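Every number here is computed from the coordinates shown, using simple stated rules; none is lab data. Note that the structure is a prediction, hence the values are computed from the model and not measured. Neighbour counts are summed over all protein chains in view; Cβ atoms, including those assigned to glycine, are modelled from backbone coordinates with ideal geometry.
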Amino acid sequence: MATERIGLVGLGVIGQLYAGHLIAARGALVAYDLVPERLQAAVGLGATAATSAKGVAEACDVILVALPNPPAVLSAMLGEDGVLAGARSGTMVIDVSTVDPDTSRQVYAAARDRGVDYLDAPVSGGAPGGAGTDGARAATISFMVGGDPDVFERAKPTLAILGKRWFYLGPSGMGSTVKLISNLMAGLHNLVASEAFVLGAAAGIEPETLLEVFDGTDAKSFWLTDYFAPRVRRRDFKPGFSVDLQYKDHRLASDLGRQLGVPLLFNDLAVGVYQAMRASGLGDYDLVESVRFLGGLAGTDIYEVRRPDRST
Ligand code: NAD
């Protein structure tokens, strides 16, 4: 069989990193993003620009989709100029966007009607010391996959270009379900770590001291060591994974909880905190910005720690 021609729709933070890996592995890529500058950035990496998601589908056998939210996925997949309008029967679409399971199932059904294979395959994690976008850059992420098992088998060589682990979780929507649960945990880990480091700073304890100590205590987590710590150390609050996206994921988890009759008390708290950050103009920042946001509420800067004066 001839080499599959590969395409990518969505060239944001994740899409740009994937474009580089796909071009390096396959020598060619057809790409599209609504924002011309992002499309040009991918062309700069060696991609061929399409004029629409439909154009990507017309030119490719395998299409990756990396879009921000359910409306974007529905529009880019089902719209007039969307992927399904241009895809031939037998095309495979691997959607790494984080969306709700109902959206995944809706797109899966529309794709199946056209003979197109569709997987929900959202991503997370990475190598030790390189979670999130660092994991995407290192091509060490994990995929959580829902869809048809034979399509999952066919997708593995493509997944292997971008990541190190893939989990088949069941029919369409199950990848999205597990991803929302994963991000529910990650977003809360982030807020808990932020609150703890603000409390530490207010008590006169440097972030570096807490990181060193917590590496050997029950406070240790993958989030702390592999995402929060590297970013806090290098004072890196550029996304990464934006507050807007984290808020979206908690909102989608909240909807899923309601559908299933599961109270999600802590998730709903996270919705409120990330919403407050967005209302403060911080939606475009990386979610670890929460350590500065919560610090601001406390009048404490974790980078300006003063030892308490015990002399009086
Ligand atoms: P992003 O906002 O940086 O990029 C999304 C891109 O999609 C933008 O360039 C935007 O212009 C484009 N876009 C929006 N609607 C479009 C449409 N209809 N047609 C074509 N292009 C369109 O987001 P990101 O950080 O790259 O994340 C992408 C997805 O991956 C999200 O669902 C996110 O939740 C998930 N994710 C991101 C990370 C991360 O670390 N950034 C990690 C895991 C999962």
Query raised in the report: For region 85-97, does any single residue satisfy the condition of being crowded, with 18+ Cβ neighbours inside 10 Å, under 15 Å from the mean Cα position of the chain (by Cα), away from the ligand (no atom under 11 Å from the Cβ) and outside any helix (DSSP H, G or I)?
Result: yes
Query - Any chance Glu153 is within 30 Å of Leu294 (Cα to Cα) and either among the charged types (D, E, K, R) or in contact with a Phe, Trp or Tyr (Cβ under 7 Å, 6 or more places away or on another chain) (or both) - result: no
Requested in this report: Kindly indicate which of Arg278, Arg234, Arg292, Arg251 is loosely packed, with under 15 Cβ neighbours inside 10 Å and either basic (Lys, Arg) or more than 19 Å from the chain's Cα centre (by Cα) (or both).
Outcome: Arg234
Query raised in the report: So which residues in region 208-258 are of a type in the set (D, E, K, R), within 18 Å of Arg292 (Cβ to Cβ), in a helix (DSSP H, G or I) and away from the ligand (no atom under 16 Å from the Cβ)?
Result: Glu208, Arg233
**Report entry** Top-ranked residue in region 181-225 [being within 26 Å of Leu265 (Cα to Cα) and of a type in the set (D, E, K, R); ranked as surrounded by the fewest Cβ atoms within 10 Å (Cβ to Cβ)]
**Finding:** Asp218
Query - When residues of region 16-58 are limited to those that are crowded, with 24+ Cβ neighbours inside 10 Å and not hydrophobic (A, V, I, L, M, F, W, C), the one farthest from Ala155 (Cα to Cα) - result: Asp33
Query - Filter result (within 16 Å of the ligand (Cβ to nearest atom) and more than 13 Å from the chain's Cα centre (by Cα)) within region 130-157 - result: Gly130, Ala138, Ala139, Thr140, Val145, Gly146
